[in-house]
Amino acid sequence: MREMTSPDDPSQSQPAEDLSPSSEPDFFRELGVRTFINAAGTYTLLSASLMLPEVVAAMSYAAKHFVDIEELQAAAAERIAELLGCEAAMVTSGAAAALTIGTAACLTGEDPVYVRQIPDLTGLKSEVIIQKSHRFLYDHAIRNCGVKFVEIETGADLENAISRNTAMMLFFNDNEPKGKIKAPEFVALGKKYGIPTFSDAAADVPPTENLSKYLRMGFDLVTFSGGKGMRGPQNAGLRLLRMIPHLKRYTA
C-alpha cells in the first residue's frame with residue numbers, strides 16, 4: 001500500500017486509504033491483528049499454512065450449494081481412499097478430531113450403544129499405550145474419549161503394559177527419534193497382541209508419498225493435518241485406516 005508523507009513532519013508517514021473499487025477489506029487491520037512473514041513452520045498456533053488458490057476456489061464453489069453432508073463425506077472418503085490406495089478414509093475437522101474419532105472407533109467398535117456412551121467407558125477398554133517421549137500438546141484429543149495413557153519406554157515395557165484394558169497403541173511420528181521403540185517394532189508389537197496402532201503423522205506431508213507410507217508399514221490408523229503441508233483449510237484433517245473389523249463403522 002502507498003504511504004503518504006506529512007508535509008509538516010516528513011518523518012511521520014501513514015498508510016494511504018485505498019478507495020479504488022477493487023480494494024479488499026483488511027479485516028485483520030480492522031481487528032487490530034498483525035500479520036507476519038512466517039519463517040517458523042506450519043505450526044497450528046501460527047495459522048499453519050496458507051491455502052492454495054485452487055483450495056479457496058473449491059471452498060467458494062461449495063459455499064454456493066446445499067448438499068447432504070453424510071453423502072458428501074462418504075463420496076469424499078471413497079475418492080480419497082481411491083487416490084491414496086488405502087482401504088478407507090475420512091475427512092475430519094483437523095488432525096486432532098481424527099485422533100478423537102480414531103480412538104473412539106478402537107473403544108466402541110460397531111456398537112451404537114457404546115458410541116453414545118463414551119466418554120463413559122463402563123464395560124469398555126480404557127487404556128492407550130504411548131511412549132513417554134511421545135506425549136505431546138494435542139494428546140488430549142485422545143483423552144477426550146475418557147481413556148488414560150499408560151506410559152512406557154522400551155519394547156519390554158510395552159509388552160508388560162498390555163492388558164485386557166488396552167484399547168490402542170499411539171505413536172507420535174514427529175517424536176520417533178526421541179523414543180526407544182521405532183515405528184517398525186511398534187507396529188510389530190501391535191500385530192503380535194492384536195492391538196490397533198495409530199500413528200499421528202499430522203505434519204508429515206510433504207512428501208505426498210507419506211500419505212500411504214505408514215499404512216503400508218502396518219499402522220492401522222494414521223492421521224494427517226489438512227492445514228499444514230497439504231495447504232488446505234486450517235480446520236481440516238485426514239484419517240486413513242485399514243479395514244479391520246471393529247473399525248468399519250468409522251470409515252465415513
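A short reminder: the numbers here are calculations on the coordinates, not readings from a lab. Because the structure is a prediction, the values reported are computed rather than measured. Cβ atoms come from the backbone with ideal geometry, glycine included; neighbour counts cover every protein chain shown.
If we count other beta carbons within 10 Å of each Cβ, what is the order of Glu71, Glu176, fewest first?
Glu71, Glu176
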Taking a crude spin-label model, label points 7 Å out from Cα along the C-beta direction, the Leu31 to Val56 distance in nm is 1.7
Given 37 °C, 0.692 mPa s and a Kirkwood radius over Cα pairs, the Stokes-Einstein diffusion coefficient of the stretch 12-156 in µm²/s is 163
Of the convex hull drawn through the C-alpha atoms of the chain, the volume per residue in Å³ is 171
Two pseudo-spin positions, 7 Å from Cα along C-beta at Lys64 and at Asp174, lie apart in nanometres by 3.7
For the stretch 180-245, Rg(Cα) over 2.2 N^0.38 Å is 1.16
Put in order of increasing Cβ neighbours within 10 Å, starting from the fewest, Ser47, Ser225 give Ser47, Ser225
For Lys148, the lysines lying under 27 Å Cα to Cα, once residues fewer than eight places off in the same chain are dropped, come out as Lys125, Lys132, Lys178, Lys180, Lys182, Lys191, Lys192, Lys248
The set of residues whose placed amide H lies less than 5 Å from the amide H of Gly232, leaving out same-chain residues fewer than 5 positions away, is Gly227
Sorted on mean Cβ neighbours within 10 Å (highest first), peptides 32-40, 210-218, 226-234 come out as 226-234, 210-218, 32-40
Calc'd 3J(HN,Hα), the stretch 56-62, phi into Karplus 6.51 cos²θ - 1.76 cosθ + 1.60 (θ = phi - 60°), Hz, glycine/Pro = x, comes to 4, 5, 5, 5, 5, 4, 5
If amide H atoms are modeled at 1.01 Å from N in the peptide plane, then the residues at a separation of 5 or more from Ile152, or on another chain, having amide H under 5 Å from its own are Ile130, Gln131, Lys132
Karplus-derived 3J(HN,Hα) from phi for the stretch 99-110 (6.51 cos²θ - 1.76 cosθ + 1.60, θ = phi - 60°), whole Hz, x at Gly and Pro, runs 5, 5, 5, x, 5, 4, 5, 5, 7, 9, x, 9
Per the helix-only model, the chain has a calculated mean residue ellipticity at 222 nm (DSSP H runs of ≥4, -39500 (n - 2.57) each, divided over all residues, rounded to the nearest 500) of -9000 deg cm²/dmol
For the chain, whose charge dipole is built from +1 on Lys and Arg Cβ atoms and -1 on Asp and Glu Cβ atoms, the candidate among Ser93, Leu107, Tyr138 with its Cα farthest towards the positive end is Leu107
For the stretch 136-148, in residue order, the Karplus 3J(HN,Hα) values (coefficients 6.51, -1.76, 1.60; θ = phi - 60°; whole Hz; Gly and Pro = x) are 8, 4, 9, 6, 5, 5, 7, 5, 4, 7, x, 7, 10
Packing-ranked peptide list from 99-111, 179-191, highest mean Cβ count within 10 angstrom first, is 99-111, 179-191
Measuring from the longest principal axis of the C-alpha atoms of the chain, the long axis of helix 183-193 (C-alpha) lies at a number of degrees, nearest 10, equal to 40
With +1 at each Lys and Arg Cβ and -1 at each Asp and Glu Cβ, the charge dipole magnitude of the chain around its Cα centre, to the nearest 20 debye, comes out at 1080
When the charge dipole of the chain is computed with +1 at the Cβ of Lys and Arg and -1 at the Cβ of Asp and Glu, the Cα pointing farthest to the positive end, of Thr208, Pro25, Leu170, is that of Leu170
So, relative contact order of the chain in percent, Cα under 8 Å, 6 or more apart, is 24
Taking placed amide H atoms and a strict 5 Å upper bound, the residues 5 or more places from Ala88 or on another chain that come that close are Leu241
